[in-house]
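Q: Structure in structure tokens, see below.
The values are calculated or read from the model by the stated rules, or taken from the named source; none is laboratory data. Given the structure is predicted, the values throughout are model-derived calculations rather than measurements. Please note: Cβ atoms are built from the backbone with ideal geometry, for glycine as well, and neighbour counts cover all protein chains shown. Just the protein is used for accessible areas: all its heavy atoms, side chains included, with ligands, DNA and RNA removed. Shrake-Rupley method; radii C 1.70, N 1.55, O 1.52, S 1.80 Å.
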Amino acid sequence: MPKLLVVFYSRTGNTAKLADAIVEGARSVRFTEVDVRRLDDLAPASVIESIPEWKQSREALAKKYRTMGPIEDLVNYDALVLGAPTRYGVMAAELKLLLDQTGPIWSKGLLVDKVGAAFTSVQTAHGGHETTLWSIMTPMANLGMILVPPGYTDPVMFTGGSPYGATSTTGGGTVADTDLAAARHQGVRVATITAMITHAKSHEHGHAHGHEHGHAHAHHH
């Protein structure tokens, strides 16, 4: 059974809404197991406490989502879908820190051939949707992951999100329904492709096992 992990940082809750839609889409694909984890704020508590809206949203998010455990937990999944708001056109520091901690896993090749996908929320229309998504997928490439962007694989992608990943312009304080639909589709697509890859891997494993016992299998399909 393919296991997906959606990990996100959200300050006001908009990125969390996209995460929820991705989870919903992924769970609609049969046999898919989906976990979701929130990354905690890096800002000092004194700063957060001084901004009432931030304090309230942080408390609400903390009630709803479990925070990310040790970095090694990433290895337990077949696919990682990572999201964060944009900060000056690249991912927020909270998500960058998570990726920067993957060194020990990277050195052992433990994320190689796992599926990777990205999502983001941006306050303004041209404030970094695409550059932020690529800033998340660039480390994934270094980790040897298989990038699965949504592309234009469903009509909803023509009205919301982006071909590189779910995204929303949230300056108005909400996430548009069209963007939530695109995020759900991204969840479906990642889960579907992950199922294909995990199936192929189990098939390969079966072949390898066969060789040990002298049963030669042709690899030509």
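Rundown of residues vs (1) closer than 22 Å to ARG38 by Cβ; (2) touching a residue at least 24 places away in the same chain (Cβ under 8 Å); (3) in contact with a strand residue (DSSP E or B) (Cβ under 6 Å, 6 or more places away or on another chain), yes/no style:
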| position | (1), (2), (3) |
| --- | --- |
| VAL122 | yes, yes, yes |
| ALA125 | no, yes, yes |
| ILE136 | yes, yes, yes |
| MET140 | yes, yes, yes |
| ILE146 | no, yes, yes |
| GLY160 | no, no, no |
| THR178 | no, no, no |
| ALA182 | yes, yes, yes |
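Q: Among (1) surrounded by fewer than 20 Cβ atoms within 10 Å (Cβ to Cβ); (2) in contact with a helix residue (DSSP H, G or I) (Cβ under 9 Å, 6 or more places away or on another chain); (3) assigned to a loop (DSSP other than H, G, I, E, B), where does GLY172 come up short?
A: Unmet condition: (2).
Q: Can you find even one residue in the range 115-132 that is open to solvent by less than 10 Å² (accessible area, probe 1.4 Å), part of a helix (DSSP H, G or I), at pLDDT 95 or above and among the polar types (S, T, N, Q)?
A: Yes, there is a match, as at least one residue in the range 115-132 is open to solvent by less than 10 Å² (accessible area, probe 1.4 Å), part of a helix (DSSP H, G or I), at pLDDT 95 or above and among the polar types (S, T, N, Q).
Q: Are there any helices (runs of 4 or more DSSP H) wholly within the range 1-97 with 1 or more residues that are in contact (Cβ under 8 Å) with a residue 24 or more places away in the chain and over 22 Å from PRO139 (Cβ atoms), and if so which?
A: 14-27, 52-64
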